[in-house]
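Each remark here refers to the structure printed beneath this line.
The values are calculated or read from the model by the stated rules, or taken from the named source; none is laboratory data. Keep in mind the model is a prediction, meaning the values are calculated, not measured. Cβ coordinates were reconstructed from backbone atoms using ideal geometry, including for glycine residues, and neighbour counts include every protein chain displayed.
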Amino acid sequence: MNYIVVLPAAGSGKRMRAGHNKLFLTLRNKPILIHTLEVFEQDPNCAGIWLAVKPEERMIIQEMLDEHHITKVKGMPAGGEERQHSVYACIQAAEHEADLILVHDAARPFIEPAVIKKLAQKASETGAAIAGVKAKDTMKRVHNHIIEETVDREQLWIIQTPQAFQTDILVKAQKQAEQDEFLGTDESMLVERLNIPVHVVESTYDNVKMTTQEDLLMGEAILQKRQQ
Ligand code: C5P
């Protein structure tokens with residue numbers, strides 16, 4: 001099932017304290033952004049990549065793409081204030097290019113091709129499918145450091161990206177969110193507001209988002225394990 005992918009890459013990465021875009025940090029001498037792009041570059045079902053970037057970083061990113069022979073990037077629209085705005089900029093540029101769109105954080109370089117395949121399949125059949133893993137820890141709702149409730153872990157999933165949608169559904173959800181000035185933390189929230197069922201596809205625990213310094217250590221360990 002062919003799809004296009006939208007990669008928001010226009011964050012500032014404050015929590016990483018890198019002093020610049022965290023996606024330029026390297027794991028095994030290769031920028032995180034390139035690790036992520038290579039997964040899609042190598043997937044024959046990926047028909048194109050739209051990358052949301054900060055305008056002042058467009059040139060340096062283009063140089064990285066050339067150096068690492070990334071050929072599938074079709075557009076680099078300017079990202080926005082929030083991640084949702086960055087994704088929307090890409091959707092507006094790419095909505096007529098494919099019937100299926102995957103949105104994936106550029107900061108998640110370890111996504112497995114098998115999970116991408118399952119997501120694309122499920123979303124093309126049903127409309128919407130997102131990656132997640134089951135919660136492993138005991139989960140409690142806490143207010144002011146006091147426990148209000150222990151939540152049934154069986155029903156809790158930790159949600160990741162990619163999030164895959166039939167294009168018309170995602171476009172409708174984005175437009176509605178814009179009209180309502182609703183800001184979500186992922187695309188699924190926008191689709192859930194339309195009362196459209198969103199399926200969760202089991203992903204892997206190593207599909208971590210490079211957010212803080214500790215994640216880089218984990219990233220190096222994941223790469224080492226995969227190369228053994
Ligand atoms: O900050 P966080 O890691 O949660 O961001 C997730 C992804 O969204 C990153 O790849 C980041 O570059 C991107 N992003 C963006 N535009 C923003 C904020 C984040 O493209 N305004």
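List the pairs whose first member sits in the range 9-33 and is at positive phi, whose second member is basic (Lys, Arg) and within 12 Å of the ligand (Cβ to nearest atom), and whose Cβ atoms are under 7 Å apart, counting only residues at least 6 apart or on separate chains?
Gly13/Lys22
Listed here are the residues, each with its yes/no results for (1) loosely packed, with under 15 Cβ neighbours inside 10 Å; (2) modelled with pLDDT of 95 or more; (3) within 12 Å of the ligand (Cβ to nearest atom).
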position: Ala10; (1), (2), (3): no, yes, yes
position: Arg17; (1), (2), (3): yes, no, no
position: Leu27; (1), (2), (3): no, yes, no
position: Leu33; (1), (2), (3): no, yes, yes
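Quick one: which residue in Met64, Met59 is over 21 Å from Asn207 (Cα atoms), assigned to a helix (DSSP H, G or I) and more than 16 Å from the ligand (Cβ to nearest atom)?
The conditions single out Met59.
For the range 69-93, give me the residue count where each residue is of a type in the set (A, V, I, L, M) and over 15 Å from Val53 (Cα atoms).
Of the residues in the range 69-93, 1 are of a type in the set (A, V, I, L, M) and over 15 Å from Val53 (Cα atoms).
Answer with yes or no whether Ala135 is touching a His at 6+ places or on another chain (Cβ under 7 Å), among the aliphatic types (A, V, I, L, M) and surrounded by 13 or more Cβ atoms within 10 Å (Cβ to Cβ).
So Ala135 fails the test.
Just checking, how many residues over the range 44-56 are in a loop (DSSP other than H, G, I, E, B) and either in contact (Cβ under 8 Å) with a residue 24 or more places away in the chain or surrounded by 19 or more Cβ atoms within 10 Å (Cβ to Cβ) (or both)?
Within the range 44-56, residues that are in a loop (DSSP other than H, G, I, E, B) and either in contact (Cβ under 8 Å) with a residue 24 or more places away in the chain or surrounded by 19 or more Cβ atoms within 10 Å (Cβ to Cβ) (or both) number 2.
Could you give every pair whose Cβ atoms fall below 6 Å, whose first residue belongs to the range 140-168 and is surrounded by 15 or more Cβ atoms within 10 Å (Cβ to Cβ), and whose second residue is part of a helix (DSSP H, G or I), counting only separations of at least 6 or pairs across chains?
Listed by first residue and then by second, the contacts come to Pro162/Leu119; Gln163/Glu187; Gln163/Ser188; Ala164/Leu119; Ala164/Ala120; Ala164/Ala123; Phe165/Ala123.
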